[in-house]
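Below is one structure; the comments refer to it alone.
The values are calculated or read from the model by the stated rules, or taken from the named source; none is laboratory data. Keep in mind it's a predicted model, so treat the numbers as computed, not measured. Methodologically, a virtual Cβ is constructed for each residue, glycine included, from the backbone with ideal geometry; neighbour enumeration extends over all protein chains shown. Heads up: the accessible areas ignore ligands, DNA and RNA and are worked out on the full protein's heavy atoms, side chains in. Shrake-Rupley method; radii C 1.70, N 1.55, O 1.52, S 1.80 Å.
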Amino acid sequence: GSDSAEGSATHPYRTVQHLVYELDPGQTGCLRSGTYSGDDVYMNEPETTLESYPGEHATLTSFIEITSEAPRSEIAGLTINGEDSDNDVAVKLQSDEAVLNGNVITKGGQGICVLAGTYYAARDVVIERNRIYNCGSSTFENGEHDKFDHQIYLSGTQNAIVRWNILTDNAGGWGVHMYPHADGTVVEHNIIDGNPGG
């Protein structure tokens with residue numbers, strides 16, 4: 001592909017960041033089967049979706065964020081492996097009504113898998129039907145287990161929904177951690193197993 005191409009199935013873009021940069025509200029960007037690495041990816045346009053091409057499955061090894069400028073945007077049907085990313089987080093959700101749906105996500109024992117909120121409240125985030133595993137490491141400090149690398153970390157979010165996820169095999173933190181002020185959170189119908197924090 002080439003970032004100077006038209007972005008069609010026959011003339012695709014080369015980078016994921018250029019693909020999401022070119023999306024207008026209401027559009028979906030599709031990744032063909034394969035592994036995509038490179039620079040961090042920031043979804044800045046509202047009501048856009050990044051997903052695997054129909055009938056295929058793509059893997060992203062870069063950090064990806066739905067920014068606060070992109071409400072009602074979605075990441076769906078991807079494998080996201082943040083093990084080699086320089087960011088401490090694999091996926092960050094900063095927008096209102098962001099959706100993370102049907103993905104397989106890991107940080108390879110290197111950090112937080114999914115972080116919603118922090119500097120922006122990120123209201124009405126939905127995290128559903130994902131498999132999230134092996135996020136943080138089993139590092140010990142002063143004889144204490146480091147439990148800060150969570151699978152899903154909700155920080156200052158409002159009315160988040162976490163449902164129908166499989167959260168397993170995380171040596172470094174909690175399955176779902178809500179702190180601080182994760183008001184109105186609903187956590188239901190998840191499988192949460194093998195996390196030292198609970």
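I need a count of the residues in segment 31-44 that are surrounded by 15 or more Cβ atoms within 10 Å (Cβ to Cβ) and touching an Asp or Glu at 6+ places or on another chain (Cβ under 6 Å).
Residues that pass the stated criteria total 2.
Which condition breaks for Pro46 when tested against (1) assigned to a loop (DSSP other than H, G, I, E, B); (2) of a type outside the set (S, T, N, Q); (3) out of contact with any Lys or Arg (no Cβ under 7 Å at 6 or more places or on another chain)?
(3)
Quick one: count up the residues across segment 146-189 that are polar (S, T, N, Q) and either surrounded by fewer than 21 Cβ atoms within 10 Å (Cβ to Cβ) or over 20 Å from Arg129 (Cα atoms) (or both).
5
For segment 90-99, how many residues meet the condition of being part of a loop (DSSP other than H, G, I, E, B) and small (Gly, Ala, Ser)?
Count: 2.
Of everything in segment 1-26 that's of a type in the set (S, T, N, Q) and in contact with an Asp or Glu (Cβ under 8 Å, 6 or more places away or on another chain), which residue is farthest from Ala70 (Cα to Cα)?
So the residue we want is Thr15.
So for segment 13-30 (the condition being assigned to a strand (DSSP E or B) and open to solvent by less than 40 Å² (accessible area, probe 1.4 Å)), does at least one residue qualify?
yes
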